[in-house]
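The next block holds one structure in the form of structure tokens; read it before the comments.
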Amino acid sequence: MHLASCLRQAATLSSLGLLLAALPAVAAERELPAPVRAALRQAQIPESALVVRVEPLAPARASPPRLSWRAEEVVNPASLMKLYTTGAALTSLGPAWTWSTPIYTTGPLEGGVLQGDLVIVGRGDPSLTLERIWLLLRQVRARGVREIRGDIVLDGSAFAPGEGDPGDFDGERLRPYNVRPDALLLNFKAVNLSFQPEPARGVARVSADPPLPGLPHEITVPLAAGDCGDWRGALRLDTSDPTRWRLAGAYPAACGEKSWPLAYADARAYNARLLEPMWREVGGALTGRVREGTTPPGAILLTEFASPPLAAVVRDINKYSNNVMAQQLFLSLPLAAPGAEPPATPAAARALVQAEVQQRSGCEPPSVIVDNGSGLSRQSRSSAACLAAWLQALAAEPIWSELESSLPLTGVDGTTRRPGRQWGTALGRAHLKTGSLRDAIGLAGSVLGTSGRRYVLVAVINHPNAQAGRPALDALVQWTADDAAPAREMSRGREPEGARPQ
């Protein structure tokens, strides 16, 4: 193609792009789409329980919203609050930022023998899973430490001590999502019970990972007939003695292999019980014990263990709605602020995120109320309009691609890949964070319409029967994605039939 032809084609495409950008995506709706209303009726949820904002994604932000339904009403958005936490973290710290876990010694290291304590200082890293703890200990070994003639001291003083009981939120203190934040959070303080049926023996083998002292290890429970159903209800787990769990009942053979993740009953003792055998597994010797403590003056830095980049952690938080990781990130923000001194407090984290949200979106309390950063709260609040404004502000930032890609892709991965959800034309066309509490569900993120236009969508239901409202939210996502016909009619210079003026 000649240069002149290329220039004429580029000019034509540029003019067409400007023309399309100037057109509204569709006329603003004054009532909910019919499929959404029908799904709400089926779920016996009133339309007043739903708040919605659907609008063109920046840079077409000046266009009117496609749908705004009770969007200024303040509701509990459940885990959609993680969008405020992770967005504030990405904008203030950058996607390549990492946590550092310093490791100190309190005595000389001679011939592989440490004449003193080894001090591991937590700074909030939420990624210290079993595999990464192993790498941390291997890094200590690589620095020449073979034997510790003192103690392994665990310093978690960078976070202020937590208040209350893990079961305060919903009475389920053994649920992994109720684990409290900890500056030195090892393996989420969790235990995974694995069940493997052996039909020939009529039993299921049960093992715990990690195999902490006193936990079930290669024990058995009888197999039971019938369907899988509420298989956990058929078992009786006694954790009254954290050092000696007991398991009774029967396991349905129809279940096949299953896992039961649990929070460790004695959270304060978890780190020590986990770390001592792991240190020995990597070839280390220990004369003393593993205990909690603080870093003494004059301690010498041995090494620092780095986390994965923030963008990778944000992906885990948002794809799988990890509450513990979100709260770890939330409390890490004030620690990372210039001139900050530990311990980090929830109040400092709330103030930081609230200020970031107000600066970028213009929203402030009571339209947005940040509590613990995860959404696992009865006090968190946001309007659909404010969350949409926050996403629009982030969409104009270089970090937007990192945040957007951290959200589940509808029907493909993360929390949107669940049996029974009907995404229709929206399958794989939307990046949406999910939120769910007993009486609140929601979706928020971006949707790619079949016309090629992109939208911000925020939708939340607050109602005692909210969990039955998922089909209504799914119908709303499909309606947002299925915008090709209105866009074609707009491009011909006329409004689509049935369009309502704003």
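Here is how the numbers come out for the structure above:
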item: Taking N as its residue count, the alpha carbon Rg of the chain over 2.2 N^0.38 Å; result: 1.13
item: Charge dipole (debye, nearest 20) of the chain; +1 at Cβ of Lys and Arg, -1 at Cβ of Asp and Glu; result: 880 debye
item: Spacing of the two label points (7 Å from each Cα toward its C-beta) at GLN358 and ARG201, in nm; result: 6.2 nm
item: Percent carbon-and-sulfur accessible area, the chain, ignoring ligands, DNA and RNA, probe 1.4 Å; result: 52 percent
item: Relative contact order (%) - the chain, alpha-carbon pairs under 8 angstrom, separation at least six; result: 23 percent
item: Share antiparallel - DSSP beta bridges, the chain, percent rounded to 5; result: 80 percent
item: Mean Cβ count within 10 Å, highest first, over the residues of peptides 469-478, 233-242, 34-43; result: 469-478, 34-43, 233-242
item: Cα gyration tensor shape for the stretch 349-459, rounded if a/c is under 1.5, else prolate or oblate; result: oblate
item: Estimated [θ] at 222 nm from DSSP helical runs (n ≥ 4, -39500 (n - 2.57)) normalised by residues in the chain, nearest 500; result: -9500 deg cm²/dmol
item: Distance cut-off 23 Å, percentage of C-alpha pairs in the stretch 176-263 lying past it; result: 25 percent
item: Rounded if a/c under 1.5, otherwise prolate or oblate - the stretch 235-338, Cα gyration tensor axes; result: oblate
item: GluC sites (Glu not before Pro) restricted to the stretch 31-77 and DSSP loop, no more than 13 other C-beta within 10 Å; result: GLU31, GLU72
item: Per-peptide average of other Cβ atoms within 10 Å, ordering 112-124, 149-161, 90-102 highest first; result: 112-124, 149-161, 90-102
item: Length released on extending from THR287 to TYR320, taking residue separation times 0.36 nm less the Cα-Cα span; result: 7.8 nm
item: Fraction of antiparallel bridges per DSSP, the stretch 176-263 only, in percent to nearest 5; result: 90 percent
item: Using a Förster distance of 22 Å, the FRET efficiency for ALA38-ASN465 (Cβ separation, nearest 0.05); result: 0.90
item: Farthest toward positive dipole pole in the stretch 176-263 [+1 Lys/Arg, -1 Asp/Glu at C-beta], among PRO242, VAL221, ALA254; result: PRO242
item: Accessible area in square angstrom per residue, the chain, 1.4 angstrom probe; result: 44 Å²
item: Selection from THR101, PRO398, PRO419, by position along the positive dipole direction of the chain (Cβ); result: PRO419
item: Cα gyration tensor shape of the stretch 125-209, rounded if a/c is under 1.5, else prolate or oblate by comparing a/b with b/c; result: oblate
item: Relative packing of 323-329, 398-404, which averages over residues the other C-beta atoms within 10 Å, highest first; result: 323-329, 398-404
item: HIS217 accessible area, assembled protein chains, probe 1.4 Å, Å²; result: 120 Å²
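The values are calculated or read from the model by the stated rules, or taken from the named source; none is laboratory data. Because the structure is predicted, anything quoted here is derived from the model rather than measured. Because the Cβ atoms are built from the backbone with ideal geometry, glycine has one as well, and the counts that use them run over all protein chains shown. Protein only, heavy atoms only, side chains kept; ligands, DNA and RNA dropped before computing areas. Shrake-Rupley method; radii C 1.70, N 1.55, O 1.52, S 1.80 Å.
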